[in-house]
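> My structure is below; once you've seen it, I'll send some questions.
The values are calculated or read from the model by the stated rules, or taken from the named source; none is laboratory data. Only a predicted model underlies this, so the values are computations on that prediction, with no experimental measurement involved. Backbone-built Cβ (ideal geometry, glycine too); neighbour counts: all protein chains shown. The accessibility values were calculated without ligands, DNA or RNA, using every heavy atom of the protein model including side chains. Shrake-Rupley method; radii C 1.70, N 1.55, O 1.52, S 1.80 Å.
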Amino acid sequence: MTEIACQVRGLTKTYGTGQAVVRALDDVTLDLLAGEFTAVMGPSGSGKSTLMHCLAALDTATSGQVLVGEQDLTTLDDKALTRLRRDEIGFVFQSFNLVPTLSAEENILLPLAIAGRKPDREWYDAVVDTVGIGDRLRHKPSELSGGQQQRVAVARALVSRPRIVFADEPTGNLDSRSGAEVLDLLRRSADQGQTIVMVTHDPVAASYTDRVVFLADGQVVSELREPTREQVLEVMAGMAG
Amino acid sequence: MLRAALKSLLGRKVRLLMSTFAIVLGVAFVAGTLVFSDTLNRSFTALFASTVGDVVVRPEGAVNPMGDLSTLTVPAEVAADLERVDGAARVDGNVNATNVVVLDEDDKVVGGFGPPSLGSNWTGAPAGHGLEGLVMTEGRVPDGPEEVALDAGTAEKAGYVVGDTVTLNTAGATATLEPTLVGIADFREGGSLNGATLTIFDTATAQELFLDGADAYSDLWVTAEDGVSQEELRDRVEAELPDGLEAVTGDDAADEAASDLLEAISFLTTFLLIFAGIALVVGAFLIVNTFSILVAQRSRELALLRALGASKRQVLGSVQLEALVLGLLGATLGLGLGVLLAIGLRAVFAQVGLDLSGQSLIFAPRTVLAAYAIGVLVTMAAALLPALRTTRIAPVQALRDDVVLPESSIQRRLQVGVVLVLAGLVSLFAGLGDVVEVPHGGWFVGAGVLAILLGVAAASPVISRPFLVLARVTFARLFGTVGNLAGQNSLRNPRRTTATASALMIGLTLACTMAIVGDSAKASVDKSIEDNFVGDYVVSNVVAGSFSPEVAERMRAVDGVVQVVRQRYTGGTIDGEPQGVVGIDADGAEFLELTAAAGDVTALREGTVLLQETYADDEDLQVGDDLEIEMPAGDQRWEVVGIYEDNPVLFFPIVTTVDTLLATGAQDKDNALIIDVDPASPGVGDRLEEAIADLPIVTVKDQAEFAEEQRAPIDQFVLLIFALLALALVIAVLGIVNTLALSVIERTREVGLLRAIGLSRRQLRWMITLESVVIAVLGAVLGVLLGTFFGIVLMYALRDEGLEVISVPTGQLAVFLALSVLIGVLAAVLPARRAARLDVLRAIATE
Ligand SMILES: Nc1ncnc2c1ncn2[C@@H]1O[C@H](COP(=O)(O)OP(=O)(O)OP(=O)(O)O)[C@@H](O)[C@H]1O
Ligand SMILES: [Mg+2]
C-alpha cells in the first residue's frame, strides 16, 4: 500500500492583503498514502480547516499544488471541482451534515443520486451494516441522535467509495461514547482500505489513526506514526511550550 | 428596543422593499384614482360653469330619459318677452345639437369617437356670474350658411386655420356640410371642452340645420343685471313663462350636468378601486408571509431579547414598529406612483378623446390621508398575525440550537378555512339572488368571493398537501434527486408554500372568471346574432349613436337594394320611470321576422305599439289595451296591436313606428338601418359602401362584420381587465421571489452542504426553479379551479339577462396554467442565482 492518494506541494494560502495579510497555510508539503487514516492536529488558528478545505476542493490555494489521484486541483474550474467533490471525495463536518428534508437512507444515497449513479447494493448494505443504523434508515435527521446523525454522515461519505474522506472535527459535538462509535467506524473503514483525513483536537481521537500531522502557524511542524494518546499529548505539550 | 428594531429593518431593506411592492401598488391605485377623478371633476366643473347662463330657460323634457335632446324648443317670442323682466340684462337664444362631427383633411374624425361632438349657434352671451364664457379669439363670428367657427382645440387637432374649408358630418337633415372656417373660439377664463368638439354657426343656420328652420331655440340664457341674484332672476322669469317651459339657475344647471357626469365616471373609479382592493389583499398575503419568515428567522434573536429582559409587549412592539415604518414607506412610494398613474390615466383618456391637459392635477389632502391610512393599516394588520406569534417565544429558547416558532395548528386553519368558504358561498349565492333576494347584491357577491378566496387560502396548507406530495413524486420521477429535493422543500413548510401560492391564486382566479365571463358574453352575442340577424346588411353609427335620415334615403336609392328598414331609439316615461322605445318603419315588423305571441305583429300603424312578450307579461298588458307613456310632447296612449316573442334585435321592449315617434317629439335621426338586397345584383355591397363613403362615422356591415363589431367591445373590456390583473400577477411573482429568496437565506447551510457533497450550481438552480414552479403551479391550479367555479356561477346567475351561453375557454385556461410554469421559472431566476453564487465555505460556516 504505497500508492499516494493525495500529494500536497508547497501549498500556501493567504487571507487579506498588505498589513492585514494572514498566512493560514505556509508552504505545506505532504503526501497522503492510500488506505491511511491521518489526523491533522494543532492549536486553534493553525490552519487545519484551511488545509482540509484546500485538499477537499472546497477552497482554492493561493499557490502550490494539490494532486488528488492524477488531477491537479489548482488547475480545475468550478465545474470540475464540483465533479471531483462528488465522485472522488467524501465529507463529514462537525455538525449539520444532513439535509433535514431527506430520510437517513436518502441522505446516504444523496451523492450518488446527485451524480445520477446507481448505488452498488452490496457495498451499500455493507456500509449501512458497519454504521449500524439499519433500523433507522427511514427516519428524518431530526428524529436521530447526534451520534446517529454523524454515523449517517460517515455512511454518506463512504457510500460513493471516494478516493479520500475528509472529516473536520467529526466528534467535536458528541459525547465520548457517541464519539467512540464514530471513530470506530472510521477506523474500520480505513482498515478496509479507505483513505481518511481527520482534523481533531482530541488526543484520544488521534490515537485511532495511523499517523498524526501537527500544524502550527500554517506549517507542518511534526509528525507521528501509530500514535498513542500519550505521545500525542507529549507533542502537543511541546508545541504549547 | 426602537434602535434594535430599526437596525434590523435596515439590515433587510431590499427584501422588505420587495414585500412592500404590493402595498405600493395598492396605494398607487387608490391615490391615482383619487387624483384623477378630482382632476376630472375640477375640469368639468370649470367647463360647466362656463357653459350656463345666470338663468337657463328650457322646455320641460328638453332631454328625454335616454339622454337625447328632444325636438322641443323655446319659441322666439318667449325670448323677446323675457327681455322685459325686471333684472334681466339680456336674453340669448341657444340652438344646441349633438353629433356634429368634424372631419380633418384626411376625413378622419377629430377627437376620435369618444367625446361628444357639439354644434351650436353664436350668441356672444356671457356665462353665469359674469364669466366671460366662450369668446372669439381669432377671426370673426360666422355669418350665413357657408360659415362656421370651431373651438381652438378642435381647430388645432384638425389642422384647420381661418379660411379653410371644413368638412362636417351631422345627424341633421343634411348629412355632410362643407362651410368655410371664419373664426376660432375659446374659453378666456379657464375651462376647456375636455376633448369635445364644438362647431359654431350663426343662429339662422343652426335653426335651419337642427330645428327644421323653426324660429325657436333649444334653450335661453337670461343674464342678470348687477346685484340681481340667480335665484331672484329665476323666480321672476319663472312667473313669466308659458306652460311647458321651466327656468333653472345656472348653478343648478351646472350641478346637474356635473352630477350626471360623475355618475358616468363612477363606473371607472369603482373599477380602479376594486383593483386597488385586489392589490392590497394580495399584498397583505405577502406581508403576512414575509413577516412570518422574518420572525421565524429571528426567533432566536427575539428569544435572546426576552432572556435579556424585554417584555412580550416590547418584542411585539418591535415587530409592529417595523410594519409601521414599512407601511409609511409603501404609502409614500405609492403616493408618488399614484401621481404617475393619474398622469398615465390622463394620457390614456386623451387617446379616447377626453383631453384634460388644460387642467393641472388636483392633489387633495384627502388623497394623502387615504394613501397613508391604507398603506399603514394594511401593513400593520397583516404583520399582526406573525407579530403575535413572537409573544409565544420563551426566553429559554435563546439557549437552544433550533428554535421552533409555535404556530397555530394546521387543523385550526382548516376549520377557519371551511367556515370562511361556507360563509362565502352563502353570501355569493345570496348576492346572485338565487336563494334569497338581498339589496346591493354586488356587495354580497364581492364579499362572498373574497371570503371564499381567503377561506381556500387558510385551508390550503391542508388541502394542497395531496398536490404537493404528487408534485414531489412526479418531480422525483422526472428529475431524480434534484426533483425530490425541490418537492421536499415545498412540503417542508406547507404554510409558507401555500401562502405564497395564494397570492398567485387570487390573481388567476379573477383572470379565469373574467375569461369565462368574456367568452360566454361573446358566445351569447354570436348566438343571438346568428339567431336573429335578418336582412343582408346593417348600417349603424360607429359610436352607437344616431345618424342623419339622409343615409336611409341614399341607401334606398342604391341599385340592388330591395328594402331598407329604419330603426331609431328614443325614450319616454312610464309611471315615472324612464323607458326606452324603438321606432321602426311600419312595414318593418314582418321583415324583422318577429314571431307573434298574441295579436298581429304586422298590424303596426301610427299610434300603435308592439310589445315584447316578457315585458307585456310583467306589465300585465294585453292586445287591445292602451299603453300610457309620457313622451317629450306630452302624454300618449298607444294601442297594443301585437305581442312578439322576445327578440334581441329590438333594443327596447316597446316598438312603434318612426312616424309615431316624430309626432311625439323625438328627433328625426336613425340608429340603425337594416337592408335587404337582391342577391342577383353583383357588387351591391360595394355600392352601399360607396353611398356613405363621405360619412366616416356611419358604417355598413354584413352579418360577420356586425358580429365582429359587437364582440369587439367585450374583447377590449376583457383585455383591459387582464391588463390590470397582470399587475396582481406581478405582485404574486414578486411574492414568490421574496419567499424563495428568504428560504434560500434560511437554508444557507443546507445549500452549502449540498454544494460540498457535489451538487453542481446548475443542479442547485434547477432545484430552486422546480420549487418555484411547484408554488406557481399550485397557485395556478387553485386559481383556475376557483375561477372556473366563479365564472360558471356568475354566468348561471346572469342567464336571464340575455347571456344564455356558458362558455369555458379551455384553451385560455390551459394557457394560464402553462403561464404559471413560466412564472415559476422566472420568479426563481434571482433566488436561484443567489443560491448558486453562495460561497460553499462560507455557507458551511454560517451559524
Ligand atoms: N475567510 C477567512 N478570512 C480571513 N482569515 C481567515 C479566514 N479563514 C481562516 N482565516 C485565518 O486563517 C488561519 C487559519 O484558520 P483555520 O480555520 O484553518 O484554523 P483551524 O486550525 O481550523 O482552527 P480551529 O482549530 O479553531 O478550527 C486563522 O488565523 C484564521 O484567522
Ligand atoms: Mg477549524
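> Considering B:L822, B:L778, B:L785, which residue is within 13 Å of B:L508 (Cα to Cα) and either open to solvent by 20 Å² or more (accessible area, probe 1.4 Å) or in the same structural domain as B:V426 (by TED's automatic domain parsing) (or both)?
Values: B:L822 fails: within 13 Å of B:L508 (Cα to Cα); B:L778 fails: either open to solvent by 20 Å² or more (accessible area, probe 1.4 Å) or in the same structural domain as B:V426 (by TED's automatic domain parsing) (or both).
The conditions single out B:L785.
> Check off (1) open to solvent by less than 20 Å² (accessible area, probe 1.4 Å); (2) over 17 Å from B:A843 (Cβ atoms); (3) more than 8 Å from chain B (Cβ to nearest Cβ) for A:V92 and give me the number that stays unchecked.
Of the numbered conditions (1) open to solvent by less than 20 Å² (accessible area, probe 1.4 Å); (2) over 17 Å from B:A843 (Cβ atoms); (3) more than 8 Å from chain B (Cβ to nearest Cβ), the odd one out for A:V92 is (2).
> Still on this structure, I have one more. For A:Q150, only one of the following conditions fails: (1) away from ligand 2 (no atom under 16 Å from the Cβ); (2) open to solvent by 20 Å² or more (accessible area, probe 1.4 Å). What is its number?
Just one mismatch for A:Q150, condition (2).
> To continue, here is another question. Just to verify a result, which residue in the stretch B:127-173, among those that are assigned to a strand (DSSP E or B) and either small (G, A, S) or in contact with a Cys (Cβ under 8 Å, 6 or more places away or on another chain) (or both), is most open to solvent (accessible area, probe 1.4 Å)?
In this case the residue turns out to be B:G139.
> If you don't mind, there's one more thing I want to ask. One residue is enough: does the stretch A:197-209 have a residue meeting the conditions more than 16 Å from ligand 2 (Cβ to nearest atom), at positive phi and away from chain B (no Cβ under 14 Å)?
No, there is no match, as no residue in the stretch A:197-209 is more than 16 Å from ligand 2 (Cβ to nearest atom), at positive phi and away from chain B (no Cβ under 14 Å).
> Among the candidates A:A206, A:A180, A:A190, single out the residue that is within 14 Å of ligand 1 (Cβ to nearest atom) and open to solvent by less than 60 Å² (accessible area, probe 1.4 Å).
A:A206
> Quick one: which residue in B:S760, B:S743 is open to solvent by 10 Å² or more (accessible area, probe 1.4 Å), hydroxyl-bearing (S, T, Y), more than 37 Å from the chain's Cα centre (by Cα) and assigned by TED's automatic domain parsing to the domain that holds B:L485?
That would be B:S760, the only listed residue that is open to solvent by 10 Å² or more (accessible area, probe 1.4 Å), hydroxyl-bearing (S, T, Y), more than 37 Å from the chain's Cα centre (by Cα) and assigned by TED's automatic domain parsing to the domain that holds B:L485.
> Exactly one condition in (1) part of a helix (DSSP H, G or I); (2) hydroxyl-bearing (S, T, Y); (3) buried (at least 18 other Cβ atoms within 10 Å of the Cβ) is false for A:T171; which is it?
Only one criterion in (1) part of a helix (DSSP H, G or I); (2) hydroxyl-bearing (S, T, Y); (3) buried (at least 18 other Cβ atoms within 10 Å of the Cβ) is unmet by A:T171, namely (1).
> Go through the stretch A:99-130 and count every residue that is aliphatic (A, V, I, L, M), more than 8 Å from every other protein chain (Cβ to nearest Cβ) and open to solvent by 10 Å² or more (accessible area, probe 1.4 Å). Walk me through how you get there before you give the answer.
Step one: filter the stretch A:99-130 for residues aliphatic (A, V, I, L, M), giving A:99, A:102, A:104, A:108-110, A:112-115, A:126-128.
This time we only want the ones that are more than 8 Å from every other protein chain (Cβ to nearest Cβ), so: A:104, A:108-109, A:112, A:126-128.
With the extra rule that they be open to solvent by 10 Å² or more (accessible area, probe 1.4 Å), the set shrinks to A:109, A:126, A:128.
Qualifying residue count, the stretch A:99-130: 3.
> Anything in the stretch A:13-27 that is in a helix (DSSP H, G or I) and either within 16 Å of ligand 2 (Cβ to nearest atom) or in contact (Cβ under 8 Å) with a residue 12 or more places away in the chain (or both)? List them, or say none.
none
This table checks each residue for (1) modelled with pLDDT under 90; (2) in a helix (DSSP H, G or I); (3) open to solvent by 40 Å² or more (accessible area, probe 1.4 Å); (4) more than 9 Å from ligand 1 (Cβ to nearest atom).
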position: A:V8; (1), (2), (3), (4): no, no, no, yes
position: A:L11; (1), (2), (3), (4): no, no, no, yes
position: A:T29; (1), (2), (3), (4): no, no, yes, yes
position: A:L32; (1), (2), (3), (4): no, no, no, yes
position: A:P43; (1), (2), (3), (4): no, no, yes, no
position: A:A61; (1), (2), (3), (4): yes, no, no, yes
position: A:A80; (1), (2), (3), (4): yes, yes, no, yes
position: A:D87; (1), (2), (3), (4): yes, yes, yes, yes
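> Is there any pair linking a residue in the stretch B:743-756 that is more than 7 Å from every other protein chain (Cβ to nearest Cβ) to one that is among the charged types (D, E, K, R), with Cβ under 7 Å and at least six apart or on different chains, and which?
B:V744/B:R834
> What tally of residues in the stretch B:75-100 results from selecting those that are without any contact (Cβ under 8 Å) to a residue 40 or more places away in the chain and open to solvent by less than 50 Å² (accessible area, probe 1.4 Å)?
Of the residues in the stretch B:75-100, 0 are without any contact (Cβ under 8 Å) to a residue 40 or more places away in the chain and open to solvent by less than 50 Å² (accessible area, probe 1.4 Å).
> If a residue has to be surrounded by 17 or more Cβ atoms within 10 Å (Cβ to Cβ) and either hydroxyl-bearing (S, T, Y) or not in a helix (DSSP H, G or I) (or both) to count, how many in the stretch B:534-559 make the cut?
14
> Would it be correct to say that A:L51 is within 13 Å of ligand 1 (Cβ to nearest atom) and at pLDDT 90 or above?
In short, yes.
> Yes or no: the stretch B:666-677 includes at least one residue that is free of Cβ contacts under 8 Å to residues at least 40 places away in the same chain and of a type outside the set (S, T, N, Q).
no
> Are there any pairs, at least 6 apart or on different chains, whose C-beta atoms fall under 9 Å, with the first in the stretch A:54-69 and within 13 Å of another protein chain (Cβ to nearest Cβ) and the second β-branched (V, I, T) and in a loop (DSSP other than H, G, I, E, B), and if so, which?
A:C54/A:T60
To keep it simple, each residue is scored yes or no on (1) modelled with pLDDT of 90 or more; (2) surrounded by 21 or more Cβ atoms within 10 Å (Cβ to Cβ); (3) outside the structural domain of B:M631 (by TED's automatic domain parsing).
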{"position": "B:Y569", "(1), (2), (3)": "no, yes, no"}
{"position": "B:A586", "(1), (2), (3)": "no, no, no"}
{"position": "B:D600", "(1), (2), (3)": "no, no, no"}
{"position": "B:A603", "(1), (2), (3)": "no, no, no"}
{"position": "B:E606", "(1), (2), (3)": "no, no, no"}
{"position": "B:V609", "(1), (2), (3)": "yes, yes, no"}
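> Looking at the structure I just gave you, is A:A39 under 17 Å from B:G758 (Cβ atoms) and either within 16 Å of ligand 2 (Cβ to nearest atom) or within 13 Å of chain B (Cβ to nearest Cβ) (or both)? Explain how you work it out, then say what you get.
Numbers: under 17 Å from B:G758 (Cβ atoms): no; either within 16 Å of ligand 2 (Cβ to nearest atom) or within 13 Å of chain B (Cβ to nearest Cβ) (or both): yes.
The answer is no for A:A39.
> From B:L385, B:L354, B:L377, grab the single residue that is open to solvent by 20 Å² or more (accessible area, probe 1.4 Å) and assigned to a loop (DSSP other than H, G, I, E, B).
Testing whether each residue is open to solvent by 20 Å² or more (accessible area, probe 1.4 Å) and assigned to a loop (DSSP other than H, G, I, E, B) leaves just B:L354.
> Kindly provide the set of residues from the stretch B:101-110 that are open to solvent by less than 20 Å² (accessible area, probe 1.4 Å) and in a loop (DSSP other than H, G, I, E, B), ordered by number.
B:V110 - this is the single residue of the stretch B:101-110 that is open to solvent by less than 20 Å² (accessible area, probe 1.4 Å) and in a loop (DSSP other than H, G, I, E, B).
> So which residues in the stretch B:458-480 are in contact with a Gly (Cβ under 6 Å, 6 or more places away or on another chain) and within 15 Å of A:L102 (Cβ to Cβ)?
Hits for the stretch B:458-480 are B:R472, B:F475, B:A476.
> Could you figure out which of (1) closer than 24 Å to B:I529 by Cβ; (2) assigned to a loop (DSSP other than H, G, I, E, B) isn't true of B:Q667?
Answer for B:Q667: the failing condition is (1).
> With the requirement that a residue be buried (at least 16 other Cβ atoms within 10 Å of the Cβ) and either closer than 23 Å to B:E156 by Cβ or in contact with a Leu (Cβ under 6 Å, 6 or more places away or on another chain) (or both), what does the stretch B:115-126 give you?
Listed by number, the residues that qualify are B:P115, B:P116, B:S117, B:L118, B:G119, B:S120, B:N121, B:W122.
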